[in-house]
1. Taking the options 71, 91, name whichever one is of a type outside the set (Gly, Ala, Ser), closer than 26 Å to residue 106 by Cα and crowded, with 18+ Cβ neighbours inside 10 Å.
2. Taking the options 121, 78, name whichever one is aromatic (Phe, Trp, Tyr) and under 12 Å from the mean Cα position of the chain (by Cα).
3. Among the numbered criteria (1) of a type outside the set (D, E, K, R); (2) surrounded by fewer than 20 Cβ atoms within 10 Å (Cβ to Cβ); (3) under 24 Å from the mean Cα position of the chain (by Cα), which one does residue 46 miss?
4. Of all residues in the range 104-145, how many are at pLDDT below 90 and within 21 Å of residue 90 (Cβ to Cβ)?
5. If a residue has to be more than 12 Å from residue 85 (Cβ to Cβ) and not in a helix (DSSP H, G or I) to count, how many in the range 95-116 make the cut?
6. Could we say that residue 91 is over 30 Å from residue 23 (Cα atoms) and assigned to a helix (DSSP H, G or I) here?
7. Considering (1) within 11 Å of the chain's Cα centre (by Cα); (2) closer than 30 Å to residue 7 by Cβ; (3) not aromatic (Phe, Trp, Tyr), say which one residue 91 fails and leave the rest.
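The values are calculated or read from the model by the stated rules, or taken from the named source; none is laboratory data. Just so you know, these numbers come straight off a predicted model, no measurement behind them. With ideal geometry, Cβ positions are generated from the backbone for all residues, glycine too; neighbour counts draw on all protein chains shown.
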Amino acid sequence: MLIATVLAHMGKFQEAAKLFSQANRVERAIAMYSDLCRWDEARQFAHNANPEHSQELVRRQAAWAEETNDLGVAADTYLKAGDTLKAISILGEQKWLDKLAEVARGLSKGQTAEMQACLKYFQKHKAHGANSNPTPNPNPNPNPNPNPNPKPTVTLPCPIPT
């Protein structure tokens with residue numbers, strides 16, 4: 001273990017990881033690669049570890065994505081890690097209500113805390129079934145009529161019977 005730690009400090013990460021693994025301390029190899037944000041290498045070792053270590057790796061990756069303000073990746077990764085409430089929080093705070101609705105539809109009846117969290121964000125953003133965060137209009141011109149001198153029109157409250 002000491003040799004592996006020294007190798008890691010010397011930047012010889014692959015050799016250190018192999019020694020950690022041989023010493024049945026694969027979680028140290030995962031932690032080392034996670035600290036370096038080398039997620040692919042960490043996943044290789046997590047694949048051989050127990051499911052608990054794999055889940056912890058996914059949580060660490062989600063937290064890193066959140067810290068670096070890559071919130072879309074963070075929300076998706078928290079969902080993969082099973083931390084649904086954290087993903088709901090990110091989606092709700094960012095007003096990504098379409099994705100939040102997807103998550104809500106995928107919840108089971110037993111996930112009442114998650115359902116209540118989704119409802120809180122829908123109410124907060126007043127999105128009762130409507131897309132309240134639509135894609136922005138690519139045309140910055142608020143006047144859809146290209147004619148600069150439009151004729152006034154009259155809008156009737158109901159159709160005229162014929």
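1. Details: 71 fails: crowded, with 18+ Cβ neighbours inside 10 Å.
After ruling out the rest, the residue left standing is 91.
2. On the way: 121 fails: under 12 Å from the mean Cα position of the chain (by Cα).
Result of the check over 121, 78: 78.
3. Checking residue 46 against (1) of a type outside the set (D, E, K, R); (2) surrounded by fewer than 20 Cβ atoms within 10 Å (Cβ to Cβ); (3) under 24 Å from the mean Cα position of the chain (by Cα), the one that fails is (2).
4. So in the range 104-145, the residues at pLDDT below 90 come out as 126-145.
Then keep just the ones that are within 21 Å of residue 90 (Cβ to Cβ); that gives 126-127, 131-136.
Total meeting the criteria: 8.
5. Matching residues across the range 95-116 total 6.
6. yes
7. It is condition (2) that residue 91 fails.
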